[in-house]
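Trainee: I'd like to ask some things about the structure below.
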Amino acid sequence: MSDLGELYQSVILDHNRHPRNCGPLAGADREAEGYNPLCGDRLKVWVRFGEGDVIEAVNFEGTGCAISQASASLMTTAIRGRTRGEALELFDRFHRLVAGEEPSQPAGLGKLAVFAGVRAYPSRVKCASLAWHALRSALVSPSS
Ligand code: ZN
């Protein structure tokens, strides 16, 4: 197995066992839910803004396969501290990564790069991108 394959396994296992930023977020400004009928993954994402457009915190909670949970957990750590625009940009890059439209070892994506591993499994692409789609819905929905 390649180095990226091993890293993929260890990151997925780690975040699945010890999910980061898991549970409802106090004072959330936005929230959205995602459902992947192909696998049965369900999750909810909360977003809280700080100064201006900066995302101060992102939490998630859900049930589903290890890939969907690990991807959601890793996403919350990757998004924190970014602006709304940067977060939407990262959504696009992540989507291209799992769809196989970015190099498999892209620059600037950090640990998110391990999800390049799912591009060989089309049914897993939905698992890996579920949290990101929920995040995008939360960010583009009109504020309440
Ligand atoms: Zn899944």
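Taken together, the values in this text are just the output of simple stated rules run on the coordinates, not laboratory data. Fair warning: this is a prediction, and the values are worked out from it, not measured in the lab. Every residue, glycine among them, receives a Cβ derived from its backbone with ideal geometry; neighbour counts consider all protein chains shown.
Trainee: Among (1) within 15 Å of the ligand (Cβ to nearest atom); (2) under 19 Å from Tyr121 (Cβ atoms); (3) in contact with a helix residue (DSSP H, G or I) (Cβ under 6 Å, 6 or more places away or on another chain), there is one condition Val11 misses while meeting the rest; what is its number?
Mentor: Only one criterion in (1) within 15 Å of the ligand (Cβ to nearest atom); (2) under 19 Å from Tyr121 (Cβ atoms); (3) in contact with a helix residue (DSSP H, G or I) (Cβ under 6 Å, 6 or more places away or on another chain) is unmet by Val11, namely (1).
Trainee: Sticking with this structure for a sec: Would it be correct to say that Ala128 is among the hydrophobic types (A, V, I, L, M, F, W, C) and surrounded by 18 or more Cβ atoms within 10 Å (Cβ to Cβ)?
Mentor: When the stated conditions are applied, Ala128 passes them.
Rundown of residues vs (1) under 14 Å from Ala134 (Cβ atoms); (2) of a type in the set (Val, Ile, Thr), yes/no style:
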| position | (1), (2) |
| --- | --- |
| His18 | no, no |
| Gly23 | no, no |
| Lys44 | yes, no |
| Asp53 | no, no |
| Thr83 | no, yes |
| Glu89 | no, no |
| Ala99 | no, no |
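Trainee: Quick check on Glu102: is it in a loop (DSSP other than H, G, I, E, B) and surrounded by 18 or more Cβ atoms within 10 Å (Cβ to Cβ)?
Mentor: yes
Trainee: Can you give me the number of residues within the range 105-144 that are in contact with a Lys or Arg (Cβ under 8 Å, 6 or more places away or on another chain), closer than 20 Å to Leu13 by Cα and touching a residue at least 40 places away in the same chain (Cβ under 8 Å)?
Mentor: 1
Trainee: Kindly indicate whether Ile55 is surrounded by 13 or more Cβ atoms within 10 Å (Cβ to Cβ) and away from the ligand (no atom under 16 Å from the Cβ).
Mentor: Criteria met by Ile55.
Trainee: Out of (1) within 22 Å of Leu13 (Cβ to Cβ); (2) touching a Lys or Arg at 6+ places or on another chain (Cβ under 9 Å), the odd one out for Leu90 is which?
Mentor: (1)
Trainee: Could you say which residue among Ser137, Ser68, Ser129 is over 26 Å from Glu6 (Cα atoms) and either under 13 Å from the mean Cα position of the chain (by Cα) or within 16 Å of the ligand (Cβ to nearest atom) (or both)?
Mentor: Only one candidate qualifies: Ser137.
Trainee: Also, quick follow-up: Return the pairs, sorted by first residue and then second, in which the second residue is part of a strand (DSSP E or B) and of a type in the set (Phe, Trp, Tyr), the first residue lies in the range 25-44 and is within 11 Å of the ligand (Cβ to nearest atom), the beta carbons are less than 6 Å apart, and the residues are 6+ apart or on different chains.
Mentor: From the range 25-44, the pairs are Arg42/Tyr35; Leu43/Phe60.
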